[in-house]
Amino acid sequence: MPRPVEEHGAERAEASPIVASRSLAVRRRRAPRWRLALASLALALAWTGAAWAGPRLVVLDGTEAAQLHVALQVALQPWSFEIVDWPRGEEPLDASAVASRAQARYVLWYEPETAELVLLDAELAHTERRPLEALPTEEADSSAVALGVKTMLRLPPPPPAVRPAPSWLLAPSVRAGQRWALDGESVSEQRISIGLEVGVPRLRGVRVGLLGAIGTSTAIDRAGFKGTWREWNVMVSTSKAMDVRAWRLWAQAAAGVSRATLDGEQNRVTRTERATQAAGALFVGGGRRVGLFTVGAVLAAEARGASRYARDNNQPLWDEPGLWLSALAALELSL
């Protein structure tokens, strides 16, 4: 009996290393997946950075000529150059090694022994020299040296500037002021209008939208009638805006429908009449731009179909005005 137990124990002792080795093997299989994912991510980031980076120019001991560093940035900006200052060190200069360590194509340095400015193109293994008495310290001298370096680089024409794609403009507005009738009954009313226009891409300053307006009621008390007359309109509008420094000028045309209501009592009998007419308007205005807002004033000339209201005996009661002149304060938001 003891021997089988020993054999059984031996079997368990022999089995446990197998189980442990399998567990370890599983762990070893999982680890490379994480490492592979991290390595892939690192390669992707490195590739993206290299794809977007511009040419790199290393200036040895560039901190001693800070003005030259700035001038090089300005002169080489159209080609998206990256200017990097690099310490020269005490050991003999190996420009190719510097280019390799800095991951740069160009290395620029000054040799006082020969009074020369030297440029290395590591990709072409080409060195070009130009006489220079000393590194510049003034802005004007630095700009001249930077233009010389640009000539030494033999750069192609700069790439064309990328123009932003035209975008839609959203322009809500509100106007308020006074309106006067030019014909028909003598009417003066306060007026408020709300508009929303959209700027059309590729058509600078041209906008289309909707414009709605309503005025205060006009009291009527004549020939046995006592009541009010009120009118509102909704129009489709188009406008053209032009910016002059901090000012904005615009002209606008609109057409739509006008709805008027005559409401009251005539000889103690309730009387309500409504009329819908075609309407149109022309607006000219200007204002000062303050951030996204434009604050200004607008003059408007309006025309609408005019209705005539009569009494029971067909005698005239109320002649709607057909021509109007308005002066309005305006506030516009450009989004």
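Since A213 meets every condition but one in (1) loosely packed, with under 14 Cβ neighbours inside 10 Å; (2) in a strand (DSSP E or B); (3) not charged (D, E, K, R), which condition does it not meet?
(1)
For L203, state whether it is in a strand (DSSP E or B) and open to solvent by 40 Å² or more (accessible area, probe 1.4 Å).
Numbers: in a strand (DSSP E or B): no; open to solvent by 40 Å² or more (accessible area, probe 1.4 Å): yes.
Here the answer is no, as L203 does not meet what is asked.
Test A306 against the stated conditions and say whether it is touching a residue at least 60 places away in the same chain (Cβ under 8 Å) and over 43 Å from the mean Cα position of the chain (by Cα).
Working: touching a residue at least 60 places away in the same chain (Cβ under 8 Å): yes; over 43 Å from the mean Cα position of the chain (by Cα): yes.
Spelling it out, A306 is indeed touching a residue at least 60 places away in the same chain (Cβ under 8 Å) and over 43 Å from the mean Cα position of the chain (by Cα).
Residue check, R191 against (1) on the phi < 0 side of the Ramachandran plot; (2) open to solvent by 60 Å² or more (accessible area, probe 1.4 Å); (3) charged (D, E, K, R), all met but one. Which one?
(2)
Give me the strands (runs of 3 or more DSSP E) completely within segment 233-335, filtered to those with at least 3 residues that are of a type outside the set (G, A, S), ordered by residue number.
On the way: elements: 247-266, 269-290, 293-304, 308-310, 316-319, 323-333.
Ranges flagged: 247-266, 269-290, 293-304, 316-319, 323-333.
Which condition does E128 not pass, out of (1) closer than 22 Å to S96 by Cβ; (2) assigned to a helix (DSSP H, G or I), if it passes all the others?
Unmet condition: (2).
Search segment 304-335 for residues being surrounded by 17 or more Cβ atoms within 10 Å (Cβ to Cβ) and of a type in the set (A, V, I, L, M, F, W, C), and hand back the single one that is nearest to A219 (Cα to Cα).
Filtering segment 304-335 for residues that are surrounded by 17 or more Cβ atoms within 10 Å (Cβ to Cβ) and of a type in the set (A, V, I, L, M, F, W, C), the one nearest to A219 (Cα to Cα) comes out as W318.
Working carefully through the options V145, V118, V149, find the one that is surrounded by 16 or more Cβ atoms within 10 Å (Cβ to Cβ), touching a Pro at 6+ places or on another chain (Cβ under 7 Å) and either of a type in the set (A, V, I, L, M, F, W, C) or in a helix (DSSP H, G or I) (or both). Give the derivation first.
Working: V118 fails: touching a Pro at 6+ places or on another chain (Cβ under 7 Å); V149 fails: touching a Pro at 6+ places or on another chain (Cβ under 7 Å).
Answer to the selection: V145.
Considering only residues that are open to solvent by 90 Å² or more (accessible area, probe 1.4 Å) and of a type in the set (K, R), look in segment 152-180 and name the one that is farthest from T294 (Cα to Cα).
Top of the filtered list is R154.
Answer yes if at least one residue in segment 178-195 is outside any strand (DSSP E or B) and of a type in the set (V, I, T), and no otherwise.
To start, the set of residues in segment 178-195 that are outside any strand (DSSP E or B) comprises 182-187.
Within this subset, residues satisfying the condition of being of a type in the set (V, I, T) are 187.
Checked segment 178-195: at least one residue is outside any strand (DSSP E or B) and of a type in the set (V, I, T).
For segment 264-294, name all the residues that are hydrophobic (A, V, I, L, M, F, W, C), open to solvent by 80 Å² or more (accessible area, probe 1.4 Å) and within 41 Å of the chain's Cα centre (by Cα). Step through it out loud before you land on a result.
Here is the first cut: in segment 264-294, the ones hydrophobic (A, V, I, L, M, F, W, C) are 269, 275, 278-279, 281-284, 290, 292-293.
With open to solvent by 80 Å² or more (accessible area, probe 1.4 Å) added as a condition, the list becomes 269, 282, 284, 290, 292-293.
Scanning segment 264-294 gives L282, V284, V290, L292, F293.
For the list (1) touching a Phe, Trp or Tyr at 6+ places or on another chain (Cβ under 8 Å); (2) among the small types (G, A, S); (3) crowded, with 16+ Cβ neighbours inside 10 Å; (4) under 30 Å from N267 (Cβ atoms), I need the number of the one condition that S239 fails.
Here S239 clears every test but (4).
Out of (1) open to solvent by less than 70 Å² (accessible area, probe 1.4 Å); (2) within 44 Å of the chain's Cα centre (by Cα), what's the single condition that is false for R105?
Against the list (1) open to solvent by less than 70 Å² (accessible area, probe 1.4 Å); (2) within 44 Å of the chain's Cα centre (by Cα), R105 comes up short only on (1).
What are the residue pairs meeting all of these: first residue in segment 112-138, first residue free of Cβ contacts under 8 Å to residues at least 60 places away in the same chain and at positive phi, second residue open to solvent by 90 Å² or more (accessible area, probe 1.4 Å) and of a type in the set (D, E), Cβ atoms under 9 Å, and 6 or more apart or on different chains?
Note: pairs meeting the criteria are A115/E133.
Scan segment 215-234 and tell me whether some residue there is farther than 30 Å from E116 by Cα, touching a residue at least 60 places away in the same chain (Cβ under 8 Å) and of a type in the set (D, E, K, R). Quick ask: steps written out before the conclusion?
Filtering segment 215-234 for residues farther than 30 Å from E116 by Cα gives 215-234.
Restricting the remaining residues to those that are touching a residue at least 60 places away in the same chain (Cβ under 8 Å) gives 220, 222-225, 229, 231, 233.
From what's left, of a type in the set (D, E, K, R): 222, 231.
Within segment 215-234, one or more residues are farther than 30 Å from E116 by Cα, touching a residue at least 60 places away in the same chain (Cβ under 8 Å) and of a type in the set (D, E, K, R).
Suppose we filter segment 82-102 for residues that are open to solvent by 30 Å² or more (accessible area, probe 1.4 Å), under 15 Å from L119 (Cα atoms) and in contact with a strand residue (DSSP E or B) (Cβ under 9 Å, 6 or more places away or on another chain); how many remain?
Of the residues in that region, 6 qualify.
The values are calculated or read from the model by the stated rules, or taken from the named source; none is laboratory data. Here the structure is a predicted model, which means the values were calculated and not measured. For neighbour counting, all protein chains shown are included, and Cβ atoms are generated from backbone atoms with ideal geometry for every residue, glycine included. Please note that ligands, DNA and RNA were not included when accessible areas were found on the heavy atoms of the full protein model with its side chains. Shrake-Rupley method; radii C 1.70, N 1.55, O 1.52, S 1.80 Å.
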